[in-house]
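Have a look at the structure below before the remarks.
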Amino acid sequence: MTRTPYSAVAVRDLVKTYRTGSAAQTVLDGVTLAFPGGTFTAVMGPSGSGKSTLLQCAAGLDRPTSGSVTIEGTELSGLDEAALTRFRRDRLGFVFQAYNLVPTLTVRQNVTLPAELAGRRVDDTAVRDVLGRLGLADHADTKPAAMSGGQQQRVAIARALLSEPAVIFADEPTGALDSRSAAQVLKLLRDAVSGAGRTIVMVTHDPVAASVADAVVFFADGRVVETVIDPRVDAVAARMATLGAPVGAGR
Ligand SMILES: Nc1ncnc2c1ncn2[C@@H]1O[C@H](COP(=O)(O)OP(=O)(O)OP(=O)(O)O)[C@@H](O)[C@H]1O
């Protein structure tokens, strides 16, 4: 059966303006994008072009100045702060460059924390299954400080996957990793889309990471300049070069 594509995340006419004193900077300048359900999209562009701001607004971590964000049919501007926090916790997963693990908690405690905060029962079998799939079966009782960057990022992915989120937002998830760990992390994200039907939106500077996605959205000066479907590493690198971005920055 062919699945009908739908927009898991849709942003419309998104504008974000920052004011410092009397100066105003428009960081998102009327962005309209749809991220289809069950797909993996990379967002690329020069430093300062607005990628992280887009991700933060699309994920309900920041409010746009104007425009709308709809996730799985829910319009975020209609939610007050408490409802937005609940929505993020229940429906979204996050993976950041800085893994954001709690250092005093074990791997098992870290990955079950969002569910526990949400008052949901955590199924032990599901925890074991996810840790096993991510190659962390022997680390359930380890604390993050005793793990490599690649392992810590896999814990962050396990934490994101355990809540069975509709959408996973990732900001430079491989930015701090060596190429071997980065490849493992990208494969796990790819499998979450191809195997489990998750939707992923990932900001990256790395053409290799972007080539794992189904599509790349290129940003410049707060606007979408191009979308490439089935991206290849060389084509992505070439497009980034024309946008004046240093390719593979941060790696
Ligand atoms: N809270 C804030 N207050 C003021 N300006 C901000 C704030 N957050 C971001 N900016 C500005 O918005 C612009 C876009 O930032 P953003 O982080 O979205 O870019 P980016 O494309 O993700 O960059 P990078 O690739 O370097 O991470 C930058 O000029 C930044 O200084």
Output the Kirkwood hydrodynamic radius of the chain, Cα pairs only, in Å rounded to one decimal. 18.6
Quick one: putting +1 on the C-beta of Lys and Arg, -1 on the C-beta of Asp and Glu, what dipole do you get for the chain around its Cα centre, in Debye to the nearest 20? 180
Size of the dipole of the stretch 46-137 about the Cα centre, Lys and Arg at +1 and Asp and Glu at -1 on the beta carbon, nothing else charged, in debye to 20? 220
Within the set Val225, Val27, Val185, GNM on the chain using Cα springs under 10 Å gives the largest fluctuation to Val225
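Counting each pair of different Cα atoms once, what's the Kirkwood radius of the stretch 100-226 in Å, rounded to one decimal? Could the numbers behind the result be given before it?
Values: mean 1/r = 0.0651 Å⁻¹.
One over the average 1/r among Cα pairs gives 15.4 Å for the stretch 100-226.
In what sequence, highest mean first, do 164-174, 130-140 appear when ranked by Cβ atoms within 10 angstrom? Walk me through the numbers before you get to the answer.
On the way: 164-174: 23.1, 130-140: 16.8.
So the peptides 164-174, 130-140, ranked by packing, come out 164-174, 130-140.
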Could you tell me which of Ala83, Ser7, Thr242 has its Cα farthest along the dipole of the chain towards the positive end, charges placed at Cβ (Lys, Arg +1; Asp, Glu -1), taken about the Cα centre? Ala83
If you wrap a convex hull around the C-alpha atoms of the stretch 90-154 and split its volume per residue, what is the figure in Å³? 89
Out of Gly149, Gly119, Gly50, a Gaussian network model of the chain with alpha-carbon springs under 10 Å gives the largest mean-square fluctuation to Gly119
Students often forget the sequence filter, so: which lysines lie under 26 Å Cα-Cα from Lys143 once same-chain residues fewer than 8 apart are removed? Lys187
With the chain treated as a Gaussian network of Cα nodes joined by springs under 10 Å, which of Thr53, Thr85, Thr204 yields the largest mean-square fluctuation? Thr85
Karplus-derived 3J(HN,Hα) from phi for the stretch 213-223 (6.51 cos²θ - 1.76 cosθ + 1.60, θ = phi - 60°), whole Hz, x at Gly and Pro, runs 7, 7, 8, 10, 9, 9, 10, 8, 6, x, 10
Charge dipole of the chain built from unit charges on the beta carbon (Lys, Arg +1; Asp, Glu -1), centred at mean Cα; most positive-end Cα among Val155, Leu55, Ala140 is Ala140
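Using mean Cβ contacts within 10 Å as the protection proxy, how do 214-220, 226-232, 238-244 order, highest first?
Details: 214-220: 21.9, 226-232: 13.7, 238-244: 15.3.
Most protected by this proxy first, the peptides run 214-220, 238-244, 226-232.
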Go from 0 up to the bin containing the longest alpha carbon distance in the stretch 35-143, width 5 Å each, and give me the % of pairs per bin. 2, 9, 16, 19, 18, 16, 13, 6, 1, 0
What list of ³J(HN,Hα) couplings, whole Hz, do you get for the stretch 93-99 from phi and the Karplus terms 6.51, -1.76, 1.60, once you set θ to phi - 60° and write x for glycine and proline? x, 10, 9, 10, 4, 8, 4
What's the FRET efficiency of Asp13 with Ser194 using the Cβ-Cβ distance as r and R₀ = 25 Å, to the nearest 0.05? 0.20
Given H placed on each backbone N at 1.01 Å, which residues far from Gly93 in sequence or on other chains put an amide H within less than 5 Å of it? Val167, Ile168, Phe169
Amide H contacts of Val225 (H built 1.01 Å from N, under 5 Å, at least 5 apart or other chain): Phe218, Phe219, Ala220
Here Rg/Rh (Cα, Kirkwood) for the stretch 1-58 equals 1.10
Residues whose modelled amide H sits under 5 Å from the amide H of Ala42, counting only those 5 or more places away in sequence or on another chain, are Met202, Asp214, Ala215, Val216, Val217
Residue-span extension gain [Ser68 to Ala34] - 0.36 nm each, minus C-alpha spacing: 11.1 nm
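Computed from the coordinates by the stated procedures, all read-outs in this text should not be read as laboratory data. What you see is a predicted model, and the numbers here were worked out from it, not measured in a lab. Note: ideal-geometry Cβ built from the backbone for every residue, glycine included; neighbour counts use all protein chains shown.
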